[in-house]
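S.K.: Please find one structure pasted underneath; my questions will follow.
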Amino acid sequence: MKALSQPSFVPNKRKYLFCGDEEGMERLSPVIQRVQKENHSYQLLLVDEKEGKDISHWLQNQNMGSYLYIAVEWNKLKHLKKVAEDQGFSVDEAQCIGHGARFIQVFCYKCHLKTVVSGESIKQVIDCPHCHLTLSVSDHYSPLHDSYLGYPATIEKGSGHA
Ligand SMILES: [Zn+2]
């Protein structure tokens, strides 16, 4: 399941499911408006920011062929994504939209230790705090390590890469 910062409309689904917090629903609003305009069937579930509602029951009762949008803060997205996957929503049946501060883990190619950095670091260069190697953070996500892979950076001085 892809994690994105903006949703995109996927046509020809039997039903559209929108699950998000307030900010998330705002992100989803262009898609929601389109679904309403084109008269597709849909359902909204507002996730309360404090309670962290359990969406598994709601997902369980949906029919096959439903397309799911989840839009919450990045730090809550992983959990909801897992819940959706457990309910049988595959990569092709859902979109995850994150907002707010995002943190990712980077797996160091050399010392095999993980470092938590801001999500902005993808495709940027960081220093591994463990072995001090300069790492280029790739956009290759490793589910095994729950991390983005960091490769030795080949730094060209003055290229404006940093
Ligand atoms: Zn390292």
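The values are calculated or read from the model by the stated rules, or taken from the named source; none is laboratory data. These numbers come from a predicted model, not from an experiment. Cβ sites come from the backbone with ideal geometry, for glycine too, and all protein chains shown count toward neighbours. Heads up: the accessible areas ignore ligands, DNA and RNA and are worked out on the full protein's heavy atoms, side chains in. Shrake-Rupley method; radii C 1.70, N 1.55, O 1.52, S 1.80 Å.
S.K.: Take the residue pairs 37/82; 15/81; 13/37 and return only those whose Cα atoms are more than 21 Å apart.
M.R.: Working: 37/82 31 Å; 15/81 19 Å; 13/37 15 Å.
Pairs exceeding the cut-off: 37/82.
S.K.: In whole percent, and with a 1.4 Å probe on the protein chains, what portion of the accessible area of segment 3-99 is carbon and sulfur?
M.R.: For segment 3-99, the apolar C and S fraction of the accessible surface comes to 45 percent.
S.K.: While we're looking at this one, here's another question. Calculate, for segment 1-157, the solvent-accessible area per residue in square angstrom, rolling a 1.4 angstrom probe over the heavy atoms of the protein chains. Please report the intermediate quantities before stating the final value.
M.R.: Numbers: 9410 Å² over 157 residues.
In whole numbers, segment 1-157 has 60 Å² accessible per residue.
S.K.: Can you give me the convex hull volume of the Cα atoms of the chain, divided per residue and expressed in Å³? Numbers along the way, then the final one.
M.R.: Values: hull volume 20.9 nm³, N = 162.
Taking only Cα atoms, the chain has a hull volume of 129 Å³ per residue.
S.K.: Given an 8 Å cut-off on Cα distances and at least 6 residues of separation, report the relative contact order of segment 103-152 as a percent. Could you put the intermediate results ahead of the total?
M.R.: Working: 104 pairs, mean separation 19.1, N = 50.
Contact order relative to length: 38 percent.
S.K.: Another one. What number, rounded to the nearest 500 deg cm²/dmol, is the helix-based mean residue ellipticity at 222 nm of the chain, given -39500 (n - 2.57) per DSSP H run of at least four residues and division by all its residues?
M.R.: Values: 3 runs with 34 residues, N = 162.
Computed mean residue ellipticity for the chain: -6500 deg cm²/dmol.
S.K.: Considering Cα pairs under 8 angstrom that are at least six residues apart, work out the relative contact order of segment 3-99 and quote it in whole percent. Don't jump to the answer; show the numbers that get you there.
M.R.: Values: 154 pairs, mean separation 39.0, N = 97.
Averaging sequence separation for qualifying contacts and normalising by length gives 40 percent for segment 3-99.
S.K.: Per the Kirkwood formula on distinct C-alpha pairs, the Rh of segment 44-123 is how many angstrom?
M.R.: On the way: mean 1/r = 0.0697 Å⁻¹.
Every distinct Cα pair counted, the radius reaches 14.3 Å.
S.K.: Then there's this: Ignoring solvent entirely, what values of log10 I(q)/I(0) come out of the Debye formula for segment 3-99 at 0.14 Å⁻¹ when each Cα is a single scatterer?
M.R.: -0.43
S.K.: Using a 10 angstrom Cβ neighbour count of at most 16 plus a DSSP loop assignment to flag exposed trypsin sites (Lys or Arg not before Pro), which longest range of the chain is free of such sites? Intermediate values should be presented prior to the final figure.
M.R.: Working: sites that count: 2, 14, 50, 53, 110, 123, 157.
That gives 54-109 as the longest site-free run.
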